[in-house]
1. Which number in (1) more than 28 Å from Ile86 (Cα to Cα); (2) of a type in the set (Val, Ile, Thr); (3) in contact with a strand residue (DSSP E or B) (Cβ under 7 Å, 6 or more places away or on another chain) marks the one condition that Ile133 misses?
2. Provide a single number: the residues in the stretch 135-163 that are modelled with pLDDT under 90 and either within 18 Å of the chain's Cα centre (by Cα) or closer than 26 Å to Asp68 by Cβ (or both).
3. Taking interchain pairs and intrachain pairs at least six residues apart, which have beta carbon atoms under 8 angstrom, with the first residue in the stretch 35-47 and closer than 17 Å to Trp6 by Cβ and the second exposed (fewer than 15 other Cβ atoms within 10 Å of the Cβ) and of a type in the set (Lys, Arg)?
4. Select from the stretch 109-123 the residues that are modelled with pLDDT of 90 or more and touching a strand residue (DSSP E or B) at 6+ places or on another chain (Cβ under 9 Å) and list them in ascending order.
5. Output the residues belonging to the stretch 97-120 that are touching a residue at least 60 places away in the same chain (Cβ under 8 Å), in a loop (DSSP other than H, G, I, E, B) and surrounded by fewer than 19 Cβ atoms within 10 Å (Cβ to Cβ).
6. Of all the residues that make up the stretch 11-49, how many are small (Gly, Ala, Ser), modelled with pLDDT of 90 or more and either in contact with a helix residue (DSSP H, G or I) (Cβ under 8 Å, 6 or more places away or on another chain) or in a helix (DSSP H, G or I) (or both)?
7. How many of the residues in the stretch 70-116 are within 30 Å of Leu213 (Cα to Cα) and touching a Ser or Thr at 6+ places or on another chain (Cβ under 6 Å)?
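The values are calculated or read from the model by the stated rules, or taken from the named source; none is laboratory data. Quick caveat: nothing in here was measured; it's all calculated off a predicted structure. Counting neighbours? That spans all protein chains shown, and the Cβs are built from the backbone with ideal geometry, glycine included.
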Amino acid sequence: MKVVFWPLWTELSLRGHKVTVITTDPMNNAKLQNLTEIDLHSAYQLFNYSIFQVNERSKLELIYGHNDIFSNILDHMLTKDEVQHIIKDKTTHFDVVMVERFHTAAFAFASRFKCPLILLSSFEALSVAYREIGNPAHPVLHPDVMLPFPNVLTFTQRLTSCGYILLTKFTHKYLFLPTQQKLVEKHFGTGYPMIEDMFKNYSIFFVNTNHFLHPIRPLLPNI
């Protein structure tokens with residue numbers, strides 16, 4: 001979890017909720033006695049910021065780069081002793097699980113504790129994320145956030161956006177989801193739902209957007 005979510009954890013803790021956060025940026029605030037932080041700052045060593053240079057990378061490089069990096073980070077997170085203790089300890093229980101949308105295999109925490117799943121995104125969600133939860137994601141009206149396109153697309157940009165969506169649909173189904181499913185089996189064990197089914201069981205999706213920065217788009221009531 002990122003710095004942008006600090007106010008959320010702080011407020012939950014101050015209101016009496018016992019909060020356990022797996023984060024790359026711990027607050028280390030001794031005043032928040034209900035907050036337990038598992039420090040994952042070491043994951044920054046696995047991060048390659050160059051994949052976000054969208055004007056300098058091909059679409060395939062963006063897609064494969066995201067898959068590799070976020071899968072490696074999630075594998076690193078789930079390997080941590082503190083995280084494995086949470087997974088394996090039969091006495092541990094949580095009332096709700098909140099997961100960043102990118103860390104799909106971590107949706108299994110909700111299945112592990114048989115509790116509601118809340119999705120989080122610190123910026124506009126990817127088109128594939130909207131599609132997975134049943135929200136409209138038209139490639140021309142609402143091009144993917146990773147494409148450096150304006151609100152009104154030229155004909156060439158429309159074709160590019162449609163091609164990009166088809167490419168992401170293919171790689172998401174045959175590359176990203178199988179990789180995440182293997183992480184679930186590796187760290188949680190067998191007997192868990194398929195990733196596709198976990199997507200359908202979310203309760204709320206919190207997306208950090210602003211209508212001044214992003215065009216208005218249709219959203220489900222729980223987004």
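1. (1) is the only condition that Ile133 fails.
2. Of the residues in the stretch 135-163, 5 are modelled with pLDDT under 90 and either within 18 Å of the chain's Cα centre (by Cα) or closer than 26 Å to Asp68 by Cβ (or both).
3. Pairs that qualify, where the first residue is closer than 17 Å to Trp6 by Cβ and the partner is exposed (fewer than 15 other Cβ atoms within 10 Å of the Cβ) and of a type in the set (Lys, Arg), are Thr36/Lys18.
4. Phe109, Ala110, Ser111, Arg112, Phe113, Cys115, Pro116, Leu117, Ile118, Leu119, Leu120, Ser121
5. Pro116
6. 1
7. 2
Residues checked against (1) surrounded by 14 or more Cβ atoms within 10 Å (Cβ to Cβ); (2) touching a residue at least 40 places away in the same chain (Cβ under 8 Å); (3) of a type in the set (Asp, Glu):
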| position | (1), (2), (3) |
| --- | --- |
| Ser122 | yes, yes, no |
| Arg131 | yes, no, no |
| Gly134 | no, yes, no |
| His138 | yes, no, no |
| His142 | yes, yes, no |
| Leu147 | yes, yes, no |
| Arg158 | yes, no, no |
